[in-house]
Amino acid sequence: MSGVVALVAGFTGLSLTRDLSRKPVLQRQISIALASIALGGGIWSMHFVAMLGLELPVLFYYDAAITLVSALTAILIVGAALLLLHFVKRTALVITAAGGLVGVGILGMHYIGMAGLQLCRPIYTPFGIIFSSVVAICLCIAAFWIAYGRRQNRNIVLGTICFAVAVVSVHFLAMAGTSFVAVPSRNEFGPTMSNEVLALGVILSSFVLFGTFLWVSVTYLVGDQGDAEPIAQTEPAPAPDTPERAPRGLQVPCERDGTRVFISPADVALVRADGHYTQIYTEQDRLFCVWPITEAAKRLVPAGFLQTHRSYLVNPGKVSRFEREKDKGRCIFAAYELPPAPVSRSKLKIIQDALSAQPGAVHAG
């Protein structure tokens, strides 16, 4: 049963963080908070489901305060790892650090939870501590590399399995290297609770976790249909040669002072990659956009934008001058405040030819 809880927690937490790059900052923060509770709370629930099956020849209780601290520790550490993954540029080092951090969170939760035992004291062996630590950190790093290497449903499932194995392995490997001795008195930090009271808490946390799991699972069944639009088959679509002929209703979602605004592609001069997001430049503003550069290219290139570089898109109608120097180039805009957009060597001829067709285009050699 503890293994099932770990699987449900892993799937729920990793699913809650899908497609966050397309969401506004507040929605990303809420999703990360929920995912942290699912993953961290799942680690805690798994541990104490397994502890309910622990049989000792002596009577023992749990310190409620220390037990609560163990749950909060797991949630906060997992939350820090998810913040790294979704608010810092996701590099190999960041993914590895996040996975290692979650491994540390599992270990911290386990040993803090064990410290809450009353009337008996756990005795650890160095081999048990070292072996469980290595397994926790390595498997969690593997889980996050699988789940975040490519954000596909299959990878989320594989990452879930790896995460569950990590959580279960840490507990049972650590317990295999642990012995217990009875102590005559309690060392109470907070109120004590018996296995029966603990079972009620575990049942409640598991109910919430499984409910969230069902809620998240529905999104896989219905799919993401919010952006889908029917394509008319009775007449050919007009050639998307300029931003003014963009698909009807296409708007660029941006944020200004914490408020979401929508910008017409015709008003956009330049799009620049900014980590997993983009910066949108108009003639008056620079705005944050939740689209990554790949999503922006997929939506705006058919609307007439030109991708001058893997990190830049330009509106050819806003370009006032094209400058070429040897095997490189750059687009200069009419608005003085706008930065020039570099043109990569591989796209030099394509961009030059496209801009030549624009009325009033000026070229400098």
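The values are calculated or read from the model by the stated rules, or taken from the named source; none is laboratory data. Bear in mind that the values here come from a model prediction, so they are computed numbers and not experimental data. So basically every Cβ, Gly included, is an ideal-geometry build from the backbone, and we count neighbours across all protein chains shown.
Looking for something crowded, with 16+ Cβ neighbours inside 10 Å, in contact with a strand residue (DSSP E or B) (Cβ under 9 Å, 6 or more places away or on another chain) and at pLDDT 85 or above - is there at least one such residue anywhere in segment 179-198? Yes, there is a match, as at least one residue in segment 179-198 is crowded, with 16+ Cβ neighbours inside 10 Å, in contact with a strand residue (DSSP E or B) (Cβ under 9 Å, 6 or more places away or on another chain) and at pLDDT 85 or above. State whether one or more residues within segment 85-98 are touching a residue at least 12 places away in the same chain (Cβ under 8 Å) and within 17 Å of Trp44 (Cα to Cα). No, because not a single residue in segment 85-98 is touching a residue at least 12 places away in the same chain (Cβ under 8 Å) and within 17 Å of Trp44 (Cα to Cα).
Count of segment 326-341 residues, restricted to those that are surrounded by 15 or more Cβ atoms within 10 Å (Cβ to Cβ) and farther than 17 Å from Val268 by Cα, is 2. One residue stands out among those in segment 283-300 that are in contact with a Pro (Cβ under 8 Å, 6 or more places away or on another chain) and either outside any strand (DSSP E or B) or of a type in the set (A, V, I, L, M) (or both): the one that is nearest to Gln27 (Cα to Cα), which is Val290. Among the residues of segment 4-29, the one identified as surrounded by fewer than 21 Cβ atoms within 10 Å (Cβ to Cβ), at pLDDT below 90 and among the β-branched types (Val, Ile, Thr) is Val25.
The C-beta contact set for segment 45-64 (first residue surrounded by 21 or more Cβ atoms within 10 Å (Cβ to Cβ), second residue among the hydrophobic types (A, V, I, L, M, F, W, C) and assigned to a loop (DSSP other than H, G, I, E, B), distance under 6 angstrom, 6+ apart or interchain) comprises Val49/Met1; Asp63/Phe189. Say we look at segment 292-325 and pick out the residues that are touching a residue at least 24 places away in the same chain (Cβ under 8 Å) and among the basic types (Lys, Arg); which of these is surrounded by the fewest Cβ atoms within 10 Å (Cβ to Cβ)? Looking at residues that are touching a residue at least 24 places away in the same chain (Cβ under 8 Å) and among the basic types (Lys, Arg), I get Arg310.
Inspect segment 143-164 for any residue being surrounded by 17 or more Cβ atoms within 10 Å (Cβ to Cβ), under 18 Å from Met51 (Cβ atoms) and touching a Leu at 6+ places or on another chain (Cβ under 6 Å) and give the result as yes or no. Checking segment 143-164: at least one residue is surrounded by 17 or more Cβ atoms within 10 Å (Cβ to Cβ), under 18 Å from Met51 (Cβ atoms) and touching a Leu at 6+ places or on another chain (Cβ under 6 Å).
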